[in-house]
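Report on one structure; see the data block that follows.
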Amino acid sequence: MEKTRVAIVGMGTVGTGVARLLLDHGDRLARHAGRVLWLEKATVRDLSKVRNIRLPDGILTGDLQTILANPEIEVVAMLVGGLEPARTYMLQLLEAGKDVVTANKAVLAEHGEELFDRARALGRTIAFEASVGGGIPIIANISQCFSANQILSLRGILNGTSNYIISQMDEQGADYAVALKHAQELGYAEADPTMDVDGSDAAQKLAILAHLAFGVRVKWREIYRRGLEAFQLADLKYAAELGYRIKLIATAHLQENGLELHVSPTLIRRGRPLAEVRGAYNAVTVVGDAVGDMFFHGQGAGQMPTASAVVADMIDTAAGRTDITFRRLELWSDRESKIGLLPYEQTLSRYYMRFFVADEPGVLSQITGILGKHGISIASIIQHEPTSQLQLRQVPLVIMTHEANEKAASLANEEIRKLESVSQESVKLRVMEASR
Ligand code: NAP
Ligand code: HSE
């Protein structure tokens, strides 16, 4: 059988999983690729580090040059995270005539245009299934299987680390910092987990999906995003009391006046598929005008699920399939999309608002008056009796609104927080309705 020589740049969580599949399951991969995928080299930054895998002699190197200078290596999995040196490595690999496979969504969301232009100019390819949704084949589905459709909306849980943390807090009352540490130990988190928990990682993935689904070339930093800082353990409990869970939801929704794009902690009614996604699992609902509703669910982070997507891309690249789809997709090309972005403040949602208020006469009417002034209708209110001496003066007040626009909800929220009887700490979250 013919051989395609491959290499790995970056032997961390994902790179190690890719090496395992290549070395332990070579026969299976060869059957699927119609050729042997032969691991020729793997580079790391620190050669002295103890690794959780035993590689055959001569494979591990600390020098990327050994891959760049080897004309026999055709396909390289670039599995270094972050922007630099990842961007430079990808450019060097393309210049050296290699086809690149990557799981690095940060570098694609930030430098996609430059990287894809360069790949096209050089007649090379970039495959990136693992960059969104880990093991879920969402890129292939959106870019190939839905091609008969106008996609109308995508809604998803796109960050495994934050979903793991929320699940641990929700189900076990776990402390945020402890849950984050577990997520890091399990290999889900980025080297710097800030972008996992503040909504940036999900926004980078959403920018990639929106580009594929709607042709919009959106800069991920322009996507409105909030993360786990926007709510507290108490809000998970109040949401549960109301029949909801809170999830970090990335939304792309085509409206008549533009594409709605945001990442935000959102209340979803219990029992709905996205509400029941636990741990490091990701999920995406896609609505297409012909196909209707689809739901994708699977492990969105972690060594082997991510390696599964990387190796599938390596097989497709070795077999010549990536070349066909890459040229047809015209990703990050200068082809303009007719779809513009809808300003975040014009988006519509129901809202969950939580305030700490003085337990005194007249406070509630002040708050409902402000909401009414901004045209916001209240669906329900919960105020519990104080349970401790500490709570005697300030009690939590939870309000669920009917649909309102974001600008009105923000202005009303600000105005309420300025009331003397209301403390500065407040929470305002979107609520996803079954019809949206
Ligand atoms: P990781 O565990 O931090 O591994 C990164 C690897 O890159 C390490 O082996 C490191 O070498 C190597 N590296 C870093 N800087 C380098 C340099 N300058 N030169 C050569 N090698 C260098 O990261 P990971 O979790 O495997 O993630 C890799 C990529 O996959 C990231 O873009 C991430 O966003 C993406 N991803 C990860 C997951 C996941 O669940 N972990 C899922 C989907 C996508 P040393 O080992 O010598 O330090
Ligand atoms: N850190 C990312 C996450 C890895 O937790 O989802 C998968 O992209």
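Protection proxy ranking of 55-61, 274-280, by the mean of other Cβ atoms within 10 Å over each peptide's residues and highest first, is 274-280, 55-61.
Net length available on complete extension from Leu411 to Ala240 is 58.9 nm, with 0.36 nm assigned per residue and the Cα-Cα distance removed.
Among the listed pairs Lys219/Lys373; Lys237/Lys407; Lys181/Lys418; Lys373/Lys428; Lys49/Lys98, a Cα-Cα separation exceeding 29 Å is found for Lys219/Lys373; Lys181/Lys418.
A dipole drawn for the chain from +1 and -1 charges on Cβ atoms has a positive end, and of Asn257, Leu23, Ser153 the residue lying farthest that way is Leu23. Using only Cα atoms, tell me the angle between helix 105-122 and the longest principal axis of the chain; keep it within 0 to 90° and round to the nearest 10. Its long axis makes an angle of about 40 degrees. Adding -39500 (n - 2.57) for every DSSP H run of four residues or longer, then dividing by how many residues the chain holds, sets the calculated 222 nm ellipticity at -10500 deg cm²/dmol. Percent of Cα pairs in the chain per distance bin of 10 Å, from zero to the largest separation: 4, 21, 28, 22, 13, 7, 3, 0, 0. Once you divide the Cα radius of gyration of region 299-436 by 2.2 N^0.38 Å, the number left is 1.69. Compared with the dominant principal axis of the Cα atoms in the chain, helix 86-95 is inclined by about 30°. Relative to the longest principal axis of the Cα atoms of the chain, helix 406-417 runs at roughly 50 degrees. Dipole magnitude for region 144-277: about 420 debye, using +1 per Lys or Arg Cβ and -1 per Asp or Glu Cβ, origin at the Cα centre. GNM on the chain, alpha-carbon springs under 10 angstrom: the most fluctuating residue among Pro361, Pro193, Pro396 is Pro361.
Quick note: the coordinates plus some simple rules give every number you see, no bench work behind them. Quantities reported herein were computed from a predicted structural model and do not represent experimental measurements. FYI the Cβ positions are ideal-geometry reconstructions off the backbone, even for glycines, and counts take in every protein chain you see.
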